[in-house]
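Novice: My structure is below; once you've seen it, I'll send some questions.
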Amino acid sequence: MSVLPRLMRGGNGTLLHSTCRWAAPALPRALLPAAHCASRCAHTCSAISSWVPKVVHRYALPAQVHGSCWPRSRQTMCTAAGGQGTTDMHLPIKHGEGGEGEATCVRAIVPHVPGEAAELLCDALLGLGAQSVVVQEHRAPGAPEQEIYAEPGQEHALWDSCEVVAHFPLEHADVLGTIASAAEVCEVGVELGSVVVEGVANEAWVSQIKASYVPLRLSRRMFIVPEWDSPPAGQEADAINIILQPGVAFGTGEHPTTRMCLALLEEGEAGLAGARVMDYGTGSGVLALAALKLGAASAVGTDTDPLAVRAAARNAELNGPQCAAAFRVLQCGPSSHDPDPVAEAGLPSRGAFTLVAANILRGPLVELAGRLAHYAAPGGRLLLSGILEEQVPDVRAAYARHFHSFEVRTEGTWAAVTAVRNDA
């Protein structure tokens, strides 16, 4: 799975619909950590959005824009670089922590935009000089988020009330006038008095991104530790530290589906001794790496996204030579009609794995039931997540022919399903 920045989430971290557009000018890599997110999602949306649980995205991004890090706050996510010219506009300058220096671009935040008109307004703003636009949910402080879910390929919509964040170069003289013109063209009612216009200062992006990712404790024993940090002091002697490069692929331990899967792996530690593990839709590789550190002998991970494949292999190296040697990562297609990646790699596949895990979407879980059952050894364990509690019956029905002893765990609206492979 592919990890997304907090901009793409609701207030409690739930992955939601977000729309982002980028204009054609090439933008400096150092000031565009969000560009990588857009380019990755444009690639993965055509398949299964790299199997992020219930997320829908739409992007238009020039091919020459790239980046490598995804910050986790809206303030840092939304900054885009403008030109190097000057302006007579006296704007408040928005700094993140440690921010300093003069404004490098102008940001305008347009609230209360109806969902059905938000993308039209974005396109108009881009046509009138905006360098980037982002659509996110607009809601009052403390109000519940409006969750929007859709299976890949389904028609989807934005939130009922949206907020459009647009960035302009410093030399763009009349931002409010541009917004008024765009709203008029789109026949969208915008209250110009409620629009926030501010200068955005350059920031020390790498330092801020690193500061935003800290070691995360998932249980008494298990910790997710960014590669640049150290395990927390005072850990128990049997602590398990999983070292990850955050921001490249899904699976940093923050999402409920990942947390549930890791907890279930830890609770089933006794059954992992010497196990052969399949992590289908591996993302960061966190589930496979956790299984290896809990005693598994070997693991195979697959993902539709080549960036995730590289990230998982990199994370294996970060966790030491034993994990690197025991973890094989393969790229796969999004459909059950695509070739079996395990067989293509020349590895045993039929009944070859004592644990089969897949933290992906309901649709792929149902479609891939035959393949995942094929991988599971008689008496082997199944661990499925990435689904809502209401989707459990569909998933269970898809696997009932080959598995028994189904159990369900939930956290919030999310669910994880475990089962045991039939002997025959």
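Novice: Are there any pairs, at least 6 apart or on different chains, whose C-beta atoms fall under 6 Å, with the first in region 253-269 and farther than 13 Å from THR410 by Cα and the second modelled with pLDDT under 95 and of a type in the set (Ser, Thr, Tyr), and if so, which?
Specialist: Listed pairs, sorted by first residue: GLU266/SER219.
Novice: Is it the case that ALA233 is part of a loop (DSSP other than H, G, I, E, B) and more than 17 Å from the chain's Cα centre (by Cα)?
Specialist: Taking the combined requirement at face value, the residue satisfies it.
Novice: Would you confirm whether any residue within region 322-345 is without any contact (Cβ under 8 Å) to a residue 24 or more places away in the chain, within 15 Å of THR282 (Cβ to Cβ), of a type in the set (D, E, K, R) and not in a strand (DSSP E or B)?
Specialist: No, that holds for no residue.
Novice: For region 309-327, give me each residue that is out of contact with any helix residue (DSSP H, G or I) (no Cβ under 6 Å at 6 or more places or on another chain) and surrounded by 24 or more Cβ atoms within 10 Å (Cβ to Cβ).
Specialist: ALA311, ALA312, ASN315 - these are the residues of region 309-327 that are out of contact with any helix residue (DSSP H, G or I) (no Cβ under 6 Å at 6 or more places or on another chain) and surrounded by 24 or more Cβ atoms within 10 Å (Cβ to Cβ).
Novice: Give the residues of region 360-372 that are touching a helix residue (DSSP H, G or I) at 6+ places or on another chain (Cβ under 7 Å), in contact (Cβ under 8 Å) with a residue 40 or more places away in the chain and either aromatic (Phe, Trp, Tyr) or open to solvent by less than 10 Å² (accessible area, probe 1.4 Å) (or both), sorted by residue number.
Specialist: Matches in region 360-372: ILE360, LEU361, PRO364.
Every residue, every condition in (1) at pLDDT 95 or above; (2) closer than 17 Å to LEU372 by Cβ; (3) in a helix (DSSP H, G or I), yes or no:
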position: GLY271; (1), (2), (3): no, no, yes
position: GLY274; (1), (2), (3): yes, no, no
position: ASP279; (1), (2), (3): yes, yes, no
position: ALA288; (1), (2), (3): yes, yes, yes
position: LEU292; (1), (2), (3): yes, no, yes
position: ALA308; (1), (2), (3): no, no, yes
position: ALA311; (1), (2), (3): no, no, yes
position: GLU317; (1), (2), (3): yes, no, yes
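Novice: Determine whether region 100-114 contains at least one residue that is closer than 17 Å to VAL185 by Cα, open to solvent by 30 Å² or more (accessible area, probe 1.4 Å) and at pLDDT 90 or above.
Specialist: Within region 100-114 (the criterion being closer than 17 Å to VAL185 by Cα, open to solvent by 30 Å² or more (accessible area, probe 1.4 Å) and at pLDDT 90 or above), the answer is yes, since at least one residue qualifies.
Novice: Right, here's the next one. Does at least one position in region 347-364 carry a residue that is assigned to a helix (DSSP H, G or I), within 26 Å of the chain's Cα centre (by Cα) and of a type in the set (A, V, I, L, M, F, W, C)?
Specialist: No, because not a single residue in region 347-364 is assigned to a helix (DSSP H, G or I), within 26 Å of the chain's Cα centre (by Cα) and of a type in the set (A, V, I, L, M, F, W, C).
Novice: Please work out which residue is nearest to the chain's Cα centre (by Cα), limiting yourself to region 297-308 and to residues that are within 15 Å of PRO321 (Cα to Cα) and among the aliphatic types (A, V, I, L, M).
Specialist: ALA299
Novice: For the structure I just gave you, tell me whether LEU125 is at pLDDT 90 or above and crowded, with 17+ Cβ neighbours inside 10 Å.
Specialist: Yes: the conditions hold for LEU125.
Novice: Of everything in region 239-269, what is in a loop (DSSP other than H, G, I, E, B), at pLDDT 90 or above and charged (D, E, K, R)? Give them in sequence order.
Specialist: none
Novice: Could you give me the residue pairs with C-beta distances under 8 Å whose first residue belongs to region 298-309 and is over 17 Å from SER335 (Cβ atoms) and in contact (Cβ under 8 Å) with a residue 12 or more places away in the chain, whose second residue is among the charged types (D, E, K, R) and outside any strand (DSSP E or B) wherever it lies, and which are 6+ apart or on separate chains?
Specialist: Close Cβ pairs (under 8 Å, with a partner that is among the charged types (D, E, K, R) and outside any strand (DSSP E or B)) amount to LEU307/ARG40.
The values are calculated or read from the model by the stated rules, or taken from the named source; none is laboratory data. This one's a predicted model, so the numbers in the text were calculated from it and none came from an experiment. Glycine also receives a Cβ, built like all others from the backbone with ideal geometry; neighbour counts cover every protein chain displayed. Heads up: the accessible areas ignore ligands, DNA and RNA and are worked out on the full protein's heavy atoms, side chains in. Shrake-Rupley method; radii C 1.70, N 1.55, O 1.52, S 1.80 Å.
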